[in-house]
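Handing you this structure, nothing more for now.
The values are calculated or read from the model by the stated rules, or taken from the named source; none is laboratory data. Here the structure is a predicted model, which is why all the values come from computation and not from measurement. All Cβ positions, glycine included, derive from the backbone under ideal geometry; neighbour counts span all protein chains shown.
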Amino acid sequence: MKVDLLVAEIGSTTTVVNAFDFTPCPKFIGQGQSPTSVGEGDVNIGLKSAIENLAKTLETDGIKYLEMIATSSAAGGLRMTVHGLVYDMTVKAAKEAALGAGANIEYITAGKLRDSDLNRIEDIDPNIILIAGGVDYGERDTALYNSQLIARLNLNIPVIYAGNVENQQEVRILFEDKRSELYVVENVYPKIDQLNIEPTRRIIQGVFEKHIVHGPGMERVRDMVTGTIMPTPGAVMASSELLYDELGDLVTIDVGGATTDIHSVTEGSEEISRILISPEPLAKRTVEGDLGVYVNMQNIVNMVGKEELAKELDIIEEELEDMIENYEPIPRSEMELNFVEKLTEHAVITAIKRHAGRLRDLYGPGGKKTIAEGKDLTAIRTIIGTGGALTRLPNRVKLLKQIASSNRGSELLPTKGANIVIDNNYIMASLGVMSKEYPEEALELLKDSLDL
């Protein structure tokens, strides 16, 4: 069987391959999966096995493809460290750029680096180091000092400089003849209260694609993957941004076994923007590494409390204890299904409240003043559910409706008027990387998966 395009999602444990045809119109053909084989030293083993599984699912002898592109979160995904000047300003801007590109941020520093920071960077061995600091033509010394120390480490790790423009030439000189490949990009925080994260996001994803093929088990990935490779969370964000142009303000919620990611694309309401104390990016991603419904299931249980969770499930604590002890990734009974749904509900509500901003009252000589801080989600028109849990659980729409009703009044959450849709084919990541080459086809397939 011939298909136009295969999109591989190479995860830490599972590799999924989605097949698509473009003629006479874009069509999702089917999906195959297999354990990821990074640990065996060659990711292509898992890729070939996933394609064989796809052929079996489609009841055909084999699959031939014209092109293969991919997303990857294998071996920890895109691991970065971020180093800026003031945490609430340049560090925040650099962090937003990294997260929006699909990175997992392993370490953040503000101000001048210390020896302990340098030791930590070496221990982490990140895929990319991002240096920021200072508005354009403002404070220069910190970003220059940090660049000098990181250059002295002479690590074989790509370094991105996205700080004060006045330092660019000096930073280039610092990294001459160093093993670190240097990328100089526009300042992520060029003026006070102005974010400029898109240029850095694009560079991060380009650097990831160039260097991911040197990761353990990934050296031969280009034997099969012929086109773009993106970090999986960055691909989900790309799909969300593509849909923003079609649907307006939206938030995508991705609940997985280990993490819950929130991707919002919204400028917020005019009313809130007038009282917002610091800028937020149009497209924002947060990742909650403690909120997963399989690997990190115990974290959610501890957060809610066993007594409260048993009460919500209308079971006795002994039954809950038994489910926790024998927990499997796929529920086998109605009680286990209810348990996973309750875990997912708490993961969703906790994660989106961490992502969203809130209103605060300040009191001064002039009386009470209300301010807003953080990301405003009140203008959200569409809530999208993706990930293993939210694409498969029977009460997924009802579960997402709990977001609005959970608002305590001061939280800038989506309202009850937001439309709820599900990525039924579980292909948002695949379509995000597809959109880089085939945006019209990706949008049509997204709308089909979301039943729009």
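Would you mind stating whether ARG179 is at negative phi, without any contact (Cβ under 8 Å) to a residue 60 or more places away in the chain and assigned to a loop (DSSP other than H, G, I, E, B)? Reasoning before the result, please.
Numbers: at negative phi: yes; without any contact (Cβ under 8 Å) to a residue 60 or more places away in the chain: yes; assigned to a loop (DSSP other than H, G, I, E, B): yes.
So ARG179 fits the description; yes.
Residues checked against (1) among the aliphatic types (A, V, I, L, M); (2) in contact with a helix residue (DSSP H, G or I) (Cβ under 7 Å, 6 or more places away or on another chain); (3) buried (at least 19 other Cβ atoms within 10 Å of the Cβ); (4) over 14 Å from MET1 (Cα atoms):
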| residue | (1), (2), (3), (4) |
| --- | --- |
| ASP21 | no, no, no, no |
| PRO26 | no, yes, yes, yes |
| SER37 | no, yes, yes, yes |
| GLU40 | no, no, no, yes |
| VAL43 | yes, yes, yes, yes |
| GLY46 | no, no, yes, yes |
| SER49 | no, no, no, yes |
| GLU52 | no, no, no, no |
| GLU59 | no, no, no, no |
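Search region 68-113 for residues being among the charged types (D, E, K, R) and either in contact with a helix residue (DSSP H, G or I) (Cβ under 9 Å, 6 or more places away or on another chain) or surrounded by 17 or more Cβ atoms within 10 Å (Cβ to Cβ) (or both), and hand back the single one that is farthest from ASP141 (Cα to Cα).
Residues of region 68-113 among the charged types (D, E, K, R): 79, 88, 92, 95-96, 106, 112.
Retained after the next criterion (residues that are either in contact with a helix residue (DSSP H, G or I) (Cβ under 9 Å, 6 or more places away or on another chain) or surrounded by 17 or more Cβ atoms within 10 Å (Cβ to Cβ) (or both)): 79, 92, 95-96, 106, 112.
On the way: ARG79: 26, LYS92: 19, LYS95: 20, GLU96: 23, GLU106: 24, LYS112: 9 Å.
Among residues in region 68-113 that are among the charged types (D, E, K, R) and either in contact with a helix residue (DSSP H, G or I) (Cβ under 9 Å, 6 or more places away or on another chain) or surrounded by 17 or more Cβ atoms within 10 Å (Cβ to Cβ) (or both), the one farthest from ASP141 (Cα to Cα) is ARG79.
Condition first: more than 12 Å from VAL293 (Cα to Cα) and out of contact with any Leu (no Cβ under 8 Å at 6 or more places or on another chain). Now tell me which residues in region 337-359 satisfy that. Explain how you work it out, then say what you get.
Start the filter on region 337-359 by keeping residues that are more than 12 Å from VAL293 (Cα to Cα), which leaves 338, 349-359.
Selection gives ILE349, ARG354.
Going through region 366-385 one residue at a time, which ones are of a type outside the set (Ser, Thr, Tyr) and either without any contact (Cβ under 8 Å) to a residue 12 or more places away in the chain or not in a strand (DSSP E or B) (or both)?
GLY366, GLY367, LYS368, LYS369, GLY374, ASP376, LEU377, ALA379, ILE380, ARG381
Return a yes/no flag: does region 405-419 have any residue that is buried (at least 18 other Cβ atoms within 10 Å of the Cβ), within 28 Å of GLY11 (Cβ to Cβ) and of a type in the set (A, V, I, L, M, F, W, C).
no
Something else now. What's the total number of residues in region 188-205 that are closer than 30 Å to GLY46 by Cα, of a type outside the set (A, V, I, L, M, F, W, C) and either surrounded by 16 or more Cβ atoms within 10 Å (Cβ to Cβ) or outside the structural domain of VAL86 (by TED's automatic domain parsing) (or both)? Spell out how you get there, then give the answer.
Filtering region 188-205 down to residues closer than 30 Å to GLY46 by Cα leaves 201-205.
Those left that are additionally of a type outside the set (A, V, I, L, M, F, W, C): 201-202, 205.
Among the residues that remain, those that are also either surrounded by 16 or more Cβ atoms within 10 Å (Cβ to Cβ) or outside the structural domain of VAL86 (by TED's automatic domain parsing) (or both) are: 201, 205.
Summing the residues that are closer than 30 Å to GLY46 by Cα, of a type outside the set (A, V, I, L, M, F, W, C) and either surrounded by 16 or more Cβ atoms within 10 Å (Cβ to Cβ) or outside the structural domain of VAL86 (by TED's automatic domain parsing) (or both) in region 188-205 gives 2.
Follow-up question, since we're still on this one. Can you report the number of residues in region 36-59 which are under 13 Å from ALA8 (Cβ atoms) and under 24 Å from the mean Cα position of the chain (by Cα)?
7
Right, another one. ASN407 passes all but one of (1) closer than 16 Å to GLY268 by Cβ; (2) over 23 Å from the mean Cα position of the chain (by Cα); (3) touching a residue at least 12 places away in the same chain (Cβ under 8 Å); which number fails?
Of everything listed in (1) closer than 16 Å to GLY268 by Cβ; (2) over 23 Å from the mean Cα position of the chain (by Cα); (3) touching a residue at least 12 places away in the same chain (Cβ under 8 Å), ASN407 misses just condition (3).
For region 130-160, give me each residue that is in a loop (DSSP other than H, G, I, E, B) and surrounded by fewer than 24 Cβ atoms within 10 Å (Cβ to Cβ).
Here is the first cut: in region 130-160, the ones in a loop (DSSP other than H, G, I, E, B) are 132-140, 154-158.
Selection gives VAL135, ASP136, TYR137, GLY138, GLU139, ARG140, ASN154, LEU155, ASN156, ILE157, PRO158.
Looking at region 137-149, is at least one residue in the same structural domain as GLU96 (by TED's automatic domain parsing), touching a residue at least 40 places away in the same chain (Cβ under 8 Å) and in contact with a Ser or Thr (Cβ under 6 Å, 6 or more places away or on another chain)?
no
While we're on this one: Quick one: which helices (runs of 4 or more DSSP H) sit completely within region 31-129 and have at least 2 residues that are among the aliphatic types (A, V, I, L, M), at pLDDT below 95 and over 22 Å from VAL287 (Cβ atoms)? First the steps, then the outcome.
Details: elements: 43-57, 92-100, 115-124.
Where helices (runs of 4 or more DSSP H) fall fully within region 31-129 and carry at least 2 residues being among the aliphatic types (A, V, I, L, M), at pLDDT below 95 and over 22 Å from VAL287 (Cβ atoms), they are 43-57.
Could you grab me the full set of residues in region 350-370 that are surrounded by 13 or more Cβ atoms within 10 Å (Cβ to Cβ) and either more than 18 Å from ALA404 (Cα to Cα) or out of contact with any strand residue (DSSP E or B) (no Cβ under 8 Å at 6 or more places or on another chain) (or both)? Reasoning before the result, please.
So the first thing to find is which residues in region 350-370 are surrounded by 13 or more Cβ atoms within 10 Å (Cβ to Cβ), and the list is 350-360.
ARG360 - this is the single residue of region 350-370 that is surrounded by 13 or more Cβ atoms within 10 Å (Cβ to Cβ) and either more than 18 Å from ALA404 (Cα to Cα) or out of contact with any strand residue (DSSP E or B) (no Cβ under 8 Å at 6 or more places or on another chain) (or both).
Residues in region 328-349: is at least one under 23 Å from the mean Cα position of the chain (by Cα), crowded, with 19+ Cβ neighbours inside 10 Å and over 18 Å from SER406 (Cα atoms)?
Yes, that holds for at least one residue.
Exactly one of these conditions fails for PHE208: (1) buried (at least 22 other Cβ atoms within 10 Å of the Cβ); (2) under 19 Å from VAL91 (Cα atoms); (3) in contact with a strand residue (DSSP E or B) (Cβ under 6 Å, 6 or more places away or on another chain). Give me its number.
All conditions are met except number (2).
Can you go through GLY367, GLY388 and tell me which one is over 23 Å from GLY248 (Cβ atoms), modelled with pLDDT under 95, under 19 Å from the mean Cα position of the chain (by Cα) and not hydrophobic (A, V, I, L, M, F, W, C)? It would help to see each step written out before you state the result.
Values: GLY367 fails: under 19 Å from the mean Cα position of the chain (by Cα).
Of GLY367, GLY388, the one residue that is over 23 Å from GLY248 (Cβ atoms), modelled with pLDDT under 95, under 19 Å from the mean Cα position of the chain (by Cα) and not hydrophobic (A, V, I, L, M, F, W, C) is GLY388.
For every residue, the table says whether it meets (1) hydroxyl-bearing (Ser, Thr, Tyr); (2) within 21 Å of LYS284 (Cβ to Cβ); (3) touching a helix residue (DSSP H, G or I) at 6+ places or on another chain (Cβ under 6 Å); (4) at pLDDT 95 or above.
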| site | (1), (2), (3), (4) |
| --- | --- |
| PHE175 | no, no, yes, yes |
| LYS178 | no, no, yes, yes |
| LEU182 | no, no, no, yes |
| ASN187 | no, yes, yes, yes |
| ILE192 | no, yes, no, no |
| LEU195 | no, yes, yes, no |
| THR200 | yes, yes, yes, yes |
| VAL213 | no, no, yes, no |
| GLU219 | no, no, no, no |
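Of the residues that make up region 304-327, is at least one out of contact with any Phe, Trp or Tyr (no Cβ under 6 Å at 6 or more places or on another chain), surrounded by 16 or more Cβ atoms within 10 Å (Cβ to Cβ) and touching a residue at least 40 places away in the same chain (Cβ under 8 Å)?
yes
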